[in-house]
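The values are calculated or read from the model by the stated rules, or taken from the named source; none is laboratory data. Since the structure is predicted, the reported quantities are computational estimates derived from the model, not experimental observations. In this analysis, Cβ positions are derived from the backbone assuming ideal geometry, glycine residues included, and neighbour counts consider all displayed protein chains. Remember, those area values only see protein heavy atoms, side chains included, never the ligands or the DNA or RNA. Shrake-Rupley method; radii C 1.70, N 1.55, O 1.52, S 1.80 Å.
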Amino acid sequence: MSEDHFTTYPTAPPEKPASEYSYAERRGELKRLLETDSLDDNVTRLALRYDVSESVIQRDLQVIEQHVR
């Protein structure tokens, strides 16, 4: 099984802080931002927003790109 088995990602509740998102909620938001060309491509800022490492954001983006193809 692949690392990410979601074909659609859940949406986090609006009141939930981004730093508390599950990986699936985070990837869902990143995917939606990519689809609307609203994604801030600064990995450092994204990592700070979600309170994860830059490598986690990079991995998230790689996984999303694989599913978009």
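Key figures
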quantity	calculated
For segment 10-60, size of Cβ-based charge dipole, Lys and Arg +1, Asp and Glu -1, in debye	100
Theoretical gain in end-to-end length, Asp37 to Val68 [0.36 nm per residue, Cα-Cα removed]	9.7 nm
Whole-number Å³ per residue for the convex hull built on Cα positions in the chain	89
Neighbourhood charge, 11 Å Cβ-Cβ cut-off, centred on Ser38 and excluding it, Lys, Arg +1 and Asp, Glu -1	-4
Accessible area of the chain belonging to carbon and sulfur atoms, whole % at 1.4 Å probe	49
Neighbourhood charge, 13 Å Cβ-Cβ cut-off, centred on Glu20 and excluding it, Lys, Arg +1 and Asp, Glu -1	-1
